[in-house]
Amino acid sequence: MRGGASATLVRRRAAANDRGAILYVHGFADYFFQEHVADHYTAQGYDFYAVDLRGYGRSLRDGELPNYTTDMAVYFEEIDAAIAKIREEHSRVVLMGHSTGGLTTSLWAHERRAGELIDALVLNSPWLDVVEPPFVRQVVKLIGRIAPKVKVRANLGEAYGAAIHSSRNGEWDFDLKWKPLAGFPVLAGWIRAILVAQEKVHNGLDVRVPVLVMHSDRSMLNAREWSEDVSKADAVLDVEGMRKWGPKIGPSVKVVEIKAGMHDLFLSPEPVRAAALAEVDEFLKTA
(Lines give C-alpha, C1' and ligand atoms only; values in the text may rest on other atoms or scores of the structure.)
Protein backbone atom coordinates (compact mmCIF):
# COMPACT_ATOMS: atom_id res chain seq x y z
CA MET A 1 0.00 0.00 0.00
CA ARG A 2 1.46 3.35 -1.10
CA GLY A 3 -0.09 6.65 -2.03
CA GLY A 4 -1.39 9.68 -0.20
CA ALA A 5 -0.67 8.34 3.25
CA SER A 6 2.91 7.37 2.29
CA ALA A 7 2.60 4.20 4.35
CA THR A 8 3.86 0.72 3.53
CA LEU A 9 1.85 -2.47 4.05
CA VAL A 10 3.68 -5.79 4.20
CA ARG A 11 2.01 -9.18 4.17
CA ARG A 12 2.76 -12.82 4.86
CA ARG A 13 0.12 -15.31 3.78
CA ALA A 14 -0.83 -18.46 5.64
CA ALA A 15 -0.45 -21.74 3.76
CA ALA A 16 -4.05 -22.50 4.63
CA ASN A 17 -6.02 -19.46 5.71
CA ASP A 18 -9.11 -20.24 7.75
CA ARG A 19 -8.97 -17.77 10.65
CA GLY A 20 -8.92 -14.35 9.00
CA ALA A 21 -6.19 -11.73 9.20
CA ILE A 22 -4.09 -9.80 11.71
CA LEU A 23 -2.90 -6.22 11.16
CA TYR A 24 0.08 -5.11 13.27
CA VAL A 25 0.83 -1.43 14.06
CA HIS A 26 4.28 -0.59 15.52
CA GLY A 27 5.32 2.00 18.09
CA PHE A 28 7.63 5.05 18.17
CA ALA A 29 11.21 4.63 16.89
CA ASP A 30 10.05 1.34 15.44
CA TYR A 31 8.84 -0.51 12.35
CA PHE A 32 7.74 -4.06 11.65
CA PHE A 33 10.61 -6.57 11.80
CA GLN A 34 9.13 -9.18 14.17
CA GLU A 35 8.95 -11.92 11.56
CA HIS A 36 8.68 -14.62 14.22
CA VAL A 37 5.30 -13.12 15.19
CA ALA A 38 4.14 -13.29 11.58
CA ASP A 39 5.37 -16.90 11.37
CA HIS A 40 3.53 -17.78 14.58
CA TYR A 41 0.20 -16.55 13.28
CA THR A 42 0.47 -17.70 9.68
CA ALA A 43 1.14 -21.18 11.09
CA GLN A 44 -2.22 -20.89 12.84
CA GLY A 45 -4.11 -19.95 9.70
CA TYR A 46 -4.04 -16.14 9.82
CA ASP A 47 -2.81 -13.97 6.98
CA PHE A 48 -0.49 -11.50 8.71
CA TYR A 49 -0.16 -7.84 7.71
CA ALA A 50 1.90 -5.01 9.17
CA VAL A 51 1.91 -1.32 8.32
CA ASP A 52 4.92 0.98 8.59
CA LEU A 53 3.21 4.31 9.20
CA ARG A 54 4.22 7.52 7.42
CA GLY A 55 7.65 8.66 8.55
CA TYR A 56 8.54 5.23 9.97
CA GLY A 57 10.64 2.31 8.75
CA ARG A 58 10.06 1.40 5.11
CA SER A 59 7.96 4.56 4.72
CA LEU A 60 10.66 6.99 5.92
CA ARG A 61 11.97 9.23 3.13
CA ASP A 62 15.29 11.11 2.86
CA GLY A 63 15.02 14.52 4.48
CA GLU A 64 11.81 13.61 6.31
CA LEU A 65 11.57 14.25 10.05
CA PRO A 66 11.39 10.73 11.45
CA ASN A 67 8.38 9.53 13.41
CA TYR A 68 6.88 13.01 13.82
CA THR A 69 3.29 14.18 13.98
CA THR A 70 1.31 16.76 15.94
CA ASP A 71 -1.90 14.70 15.85
CA MET A 72 -2.10 10.94 16.32
CA ALA A 73 -5.30 10.89 14.25
CA VAL A 74 -3.29 11.49 11.05
CA TYR A 75 -2.45 7.78 11.16
CA PHE A 76 -6.12 6.83 10.94
CA GLU A 77 -5.88 7.37 7.18
CA GLU A 78 -3.37 4.58 6.66
CA ILE A 79 -5.07 2.26 9.15
CA ASP A 80 -8.31 2.86 7.24
CA ALA A 81 -6.58 2.04 3.95
CA ALA A 82 -4.90 -1.08 5.34
CA ILE A 83 -8.13 -2.40 6.88
CA ALA A 84 -10.04 -1.73 3.65
CA LYS A 85 -7.47 -3.66 1.64
CA ILE A 86 -7.44 -6.56 4.09
CA ARG A 87 -11.23 -6.74 4.17
CA GLU A 88 -11.30 -7.25 0.41
CA GLU A 89 -10.22 -10.82 1.23
CA HIS A 90 -11.09 -11.32 4.91
CA SER A 91 -14.26 -10.94 6.91
CA ARG A 92 -12.47 -11.40 10.26
CA VAL A 93 -9.72 -8.93 11.17
CA VAL A 94 -7.73 -8.60 14.39
CA LEU A 95 -5.94 -5.30 15.00
CA MET A 96 -2.70 -5.49 17.02
CA GLY A 97 -0.84 -2.44 18.37
CA HIS A 98 2.44 -2.08 20.25
CA SER A 99 3.39 0.85 22.51
CA THR A 100 2.48 4.12 20.75
CA GLY A 101 0.76 1.92 18.17
CA GLY A 102 -1.38 0.59 21.01
CA LEU A 103 -2.50 4.11 21.82
CA THR A 104 -3.20 4.93 18.17
CA THR A 105 -5.11 1.73 17.46
CA SER A 106 -7.24 2.21 20.59
CA LEU A 107 -8.27 5.68 19.43
CA TRP A 108 -8.86 4.43 15.89
CA ALA A 109 -11.04 1.55 17.12
CA HIS A 110 -13.05 4.01 19.22
CA GLU A 111 -13.57 6.47 16.36
CA ARG A 112 -14.46 3.70 13.88
CA ARG A 113 -16.56 1.65 16.31
CA ALA A 114 -19.78 1.99 14.32
CA GLY A 115 -18.21 0.50 11.20
CA GLU A 116 -17.64 -3.01 12.62
CA LEU A 117 -14.29 -3.07 10.81
CA ILE A 118 -12.39 -5.28 13.26
CA ASP A 119 -13.27 -8.24 15.47
CA ALA A 120 -10.71 -7.85 18.26
CA LEU A 121 -7.98 -5.50 19.48
CA VAL A 122 -4.71 -6.79 20.95
CA LEU A 123 -2.42 -4.30 22.74
CA ASN A 124 1.20 -5.14 23.53
CA SER A 125 2.45 -2.67 26.19
CA PRO A 126 0.27 0.23 25.01
CA TRP A 127 1.37 3.76 25.93
CA LEU A 128 -1.61 4.95 27.94
CA ASP A 129 0.01 7.38 30.39
CA VAL A 130 3.21 9.24 31.26
CA VAL A 131 4.91 9.45 34.64
CA GLU A 132 5.27 13.23 34.70
CA PRO A 133 3.00 15.21 37.08
CA PRO A 134 0.06 17.27 35.75
CA PHE A 135 1.92 20.60 35.91
CA VAL A 136 4.76 19.29 33.75
CA ARG A 137 2.27 17.84 31.27
CA GLN A 138 0.54 21.20 30.90
CA VAL A 139 3.84 23.00 30.35
CA VAL A 140 4.89 20.47 27.71
CA LYS A 141 1.51 20.79 25.97
CA LEU A 142 1.91 24.56 25.87
CA ILE A 143 5.42 24.32 24.44
CA GLY A 144 4.23 21.73 21.95
CA ARG A 145 1.52 24.07 20.72
CA ILE A 146 3.66 27.19 20.30
CA ALA A 147 7.02 25.59 19.42
CA PRO A 148 6.27 22.06 18.22
CA LYS A 149 9.78 21.24 16.98
CA VAL A 150 11.59 22.10 20.20
CA LYS A 151 13.61 19.07 21.29
CA VAL A 152 12.38 17.72 24.62
CA ARG A 153 14.85 14.84 24.70
CA ALA A 154 17.82 14.10 22.45
CA ASN A 155 16.89 10.41 22.36
CA LEU A 156 15.40 7.58 24.41
CA GLY A 157 18.70 6.19 25.69
CA GLU A 158 20.33 2.94 24.57
CA ALA A 159 19.45 0.58 27.43
CA TYR A 160 16.39 -0.96 25.75
CA GLY A 161 17.89 -0.97 22.27
CA ALA A 162 20.99 -2.71 23.61
CA ALA A 163 18.75 -5.30 25.27
CA ILE A 164 17.12 -6.36 22.00
CA HIS A 165 19.62 -5.84 19.14
CA SER A 166 21.86 -8.74 18.15
CA SER A 167 24.95 -6.51 17.98
CA ARG A 168 24.69 -5.93 21.73
CA ASN A 169 22.82 -8.08 24.25
CA GLY A 170 19.72 -9.11 22.30
CA GLU A 171 18.54 -11.64 19.75
CA TRP A 172 17.07 -9.43 17.04
CA ASP A 173 18.56 -7.99 13.87
CA PHE A 174 16.77 -4.82 12.78
CA ASP A 175 17.73 -1.83 10.63
CA LEU A 176 19.43 0.76 12.82
CA LYS A 177 18.59 3.55 10.37
CA TRP A 178 14.90 2.91 10.99
CA LYS A 179 15.20 1.91 14.63
CA PRO A 180 18.36 3.38 16.20
CA LEU A 181 19.45 1.86 19.49
CA ALA A 182 18.71 5.19 21.23
CA GLY A 183 15.64 5.99 19.15
CA PHE A 184 15.00 9.41 17.60
CA PRO A 185 14.79 12.89 19.16
CA VAL A 186 11.59 13.55 21.07
CA LEU A 187 9.96 16.81 19.93
CA ALA A 188 7.47 18.91 21.88
CA GLY A 189 4.71 18.81 19.26
CA TRP A 190 4.83 15.03 19.20
CA ILE A 191 4.68 14.76 22.98
CA ARG A 192 1.71 17.13 22.99
CA ALA A 193 -0.05 14.83 20.51
CA ILE A 194 0.62 11.88 22.81
CA LEU A 195 -0.72 13.70 25.87
CA VAL A 196 -3.88 14.79 24.05
CA ALA A 197 -4.45 11.22 22.86
CA GLN A 198 -3.88 9.78 26.33
CA GLU A 199 -6.38 12.22 27.83
CA LYS A 200 -9.01 10.75 25.51
CA VAL A 201 -8.26 7.29 26.88
CA HIS A 202 -8.44 8.58 30.46
CA ASN A 203 -11.85 10.07 29.75
CA GLY A 204 -13.00 6.65 28.55
CA LEU A 205 -13.26 5.06 25.11
CA ASP A 206 -16.01 2.90 23.67
CA VAL A 207 -14.19 0.20 21.74
CA ARG A 208 -16.94 -2.34 21.11
CA VAL A 209 -14.86 -5.43 20.32
CA PRO A 210 -13.00 -7.63 22.84
CA VAL A 211 -9.71 -6.03 23.88
CA LEU A 212 -6.59 -7.71 25.29
CA VAL A 213 -4.10 -5.46 27.11
CA MET A 214 -0.77 -7.10 27.95
CA HIS A 215 2.12 -5.60 29.90
CA SER A 216 5.14 -6.60 31.94
CA ASP A 217 4.88 -7.13 35.69
CA ARG A 218 7.26 -4.24 36.36
CA SER A 219 9.04 -1.27 34.84
CA MET A 220 12.69 -0.26 35.00
CA LEU A 221 12.65 3.34 33.80
CA ASN A 222 15.64 5.63 33.31
CA ALA A 223 18.16 2.79 33.01
CA ARG A 224 21.31 4.36 31.55
CA GLU A 225 22.86 1.16 30.29
CA TRP A 226 22.01 -2.48 29.76
CA SER A 227 21.87 -4.93 32.62
CA GLU A 228 20.20 -8.30 33.09
CA ASP A 229 17.28 -6.53 34.76
CA VAL A 230 16.61 -4.44 31.62
CA SER A 231 15.92 -7.71 29.80
CA LYS A 232 13.32 -8.67 32.41
CA ALA A 233 11.24 -5.49 32.67
CA ASP A 234 9.65 -2.70 30.65
CA ALA A 235 12.54 -0.26 30.31
CA VAL A 236 10.52 2.22 28.21
CA LEU A 237 7.07 2.76 29.78
CA ASP A 238 5.44 2.65 33.20
CA VAL A 239 3.26 -0.45 33.42
CA GLU A 240 1.13 1.17 36.15
CA GLY A 241 -0.47 3.36 33.48
CA MET A 242 -1.41 0.27 31.50
CA ARG A 243 -2.96 -1.35 34.58
CA LYS A 244 -4.89 1.80 35.46
CA TRP A 245 -6.15 2.93 32.06
CA GLY A 246 -6.40 -0.30 30.08
CA PRO A 247 -9.92 -1.03 31.43
CA LYS A 248 -11.08 2.40 30.18
CA ILE A 249 -10.66 1.38 26.53
CA GLY A 250 -13.99 -0.38 26.28
CA PRO A 251 -16.62 -2.54 28.00
CA SER A 252 -14.83 -5.84 27.33
CA VAL A 253 -11.15 -5.55 28.26
CA LYS A 254 -8.89 -8.30 29.57
CA VAL A 255 -5.67 -7.07 31.21
CA VAL A 256 -2.86 -9.61 31.49
CA GLU A 257 0.50 -9.25 33.23
CA ILE A 258 3.47 -11.05 31.66
CA LYS A 259 6.12 -11.83 34.26
CA ALA A 260 9.62 -10.62 33.29
CA GLY A 261 8.32 -9.20 30.02
CA MET A 262 10.28 -6.57 28.11
CA HIS A 263 8.65 -3.49 26.58
CA ASP A 264 7.89 -5.36 23.38
CA LEU A 265 6.65 -8.54 24.98
CA PHE A 266 7.16 -10.44 21.73
CA LEU A 267 10.88 -9.59 21.80
CA SER A 268 11.36 -10.87 25.34
CA PRO A 269 13.70 -13.84 25.87
CA GLU A 270 12.15 -17.28 25.83
CA PRO A 271 10.05 -18.54 27.52
CA VAL A 272 8.55 -15.10 28.22
CA ARG A 273 7.67 -14.24 24.63
CA ALA A 274 6.09 -17.67 24.23
CA ALA A 275 3.90 -16.91 27.25
CA ALA A 276 2.84 -13.59 25.70
CA LEU A 277 1.98 -15.21 22.38
CA ALA A 278 0.08 -17.96 24.21
CA GLU A 279 -2.04 -15.32 25.97
CA VAL A 280 -2.96 -13.83 22.58
CA ASP A 281 -3.70 -17.28 21.19
CA GLU A 282 -6.06 -18.06 24.04
CA PHE A 283 -7.77 -14.68 23.76
CA LEU A 284 -8.37 -15.08 20.03
CA LYS A 285 -10.09 -18.43 20.52
CA THR A 286 -13.14 -16.66 21.90
CA ALA A 287 -12.74 -13.05 20.64
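The values are calculated or read from the model by the stated rules, or taken from the named source; none is laboratory data. Computed from a predicted structure; not experimentally measured. With ideal geometry, Cβ positions are generated from the backbone for all residues, glycine too; neighbour counts draw on all protein chains shown. Only protein heavy atoms, including side chains, enter the accessible area calculation; ligands, DNA and RNA are left aside. Shrake-Rupley method; radii C 1.70, N 1.55, O 1.52, S 1.80 Å.
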Do any GluC sites (Glu not before Pro) in segment 82-156 lie in a loop, going by DSSP, with at most 16 other beta-carbon atoms within 10 Å of their beta carbon, and if so which? Glu88, Glu89, Glu116
Averaging over all projection directions, find the projected area of the Cα convex hull of the chain and quote it in nm² with one decimal place. 13.9 nm²
Can you give the calculated 222 nm mean residue ellipticity of the chain, where each DSSP H run of n ≥ 4 adds -39,500 (n - 2.57) and the sum is split over every residue, rounded to the nearest 500 deg cm²/dmol? -9500 deg cm²/dmol
Write out the trypsin sites (Lys or Arg not before Pro) in segment 214-279 meeting two conditions: DSSP loop, and at most 12 other Cβ atoms within 10 Å of their Cβ. Arg224, Lys259
In segment 141-177, what trypsin sites (Lys or Arg not before Pro) fall in a loop by DSSP, with at most 15 other Cβ atoms inside 10 Å? Lys149, Arg168, Lys177
With the 8 Å Cα cutoff and a minimum separation of six or more residues, the chain has a relative contact order in percent of 17 percent
Do any of Lys149/Lys259; Lys85/Lys259; Lys248/Lys285; Lys151/Lys259 go past 32 Å between their Cα atoms, and which? Lys149/Lys259; Lys85/Lys259; Lys151/Lys259
Cross-link partners among aspartates and glutamates for Lys232, C-alpha distance below 15 Å, same-chain residues fewer than 8 apart left out? Glu171, Asp217, Glu257, Asp264, Glu270
With every protein chain in place, segment 1-111: carbon and sulfur % of accessible area (1.4 Å): 44 percent
For segment 168-287, list log₁₀ I(q)/I(0) at each q in 0.13 Å⁻¹, using the Debye formula over Cα point scatterers of equal strength and ignoring solvent, two decimals each. -0.64
Relative contact order of segment 1-105 (C-alpha contacts under 8 Å, at least 6 apart) in percent is 37 percent
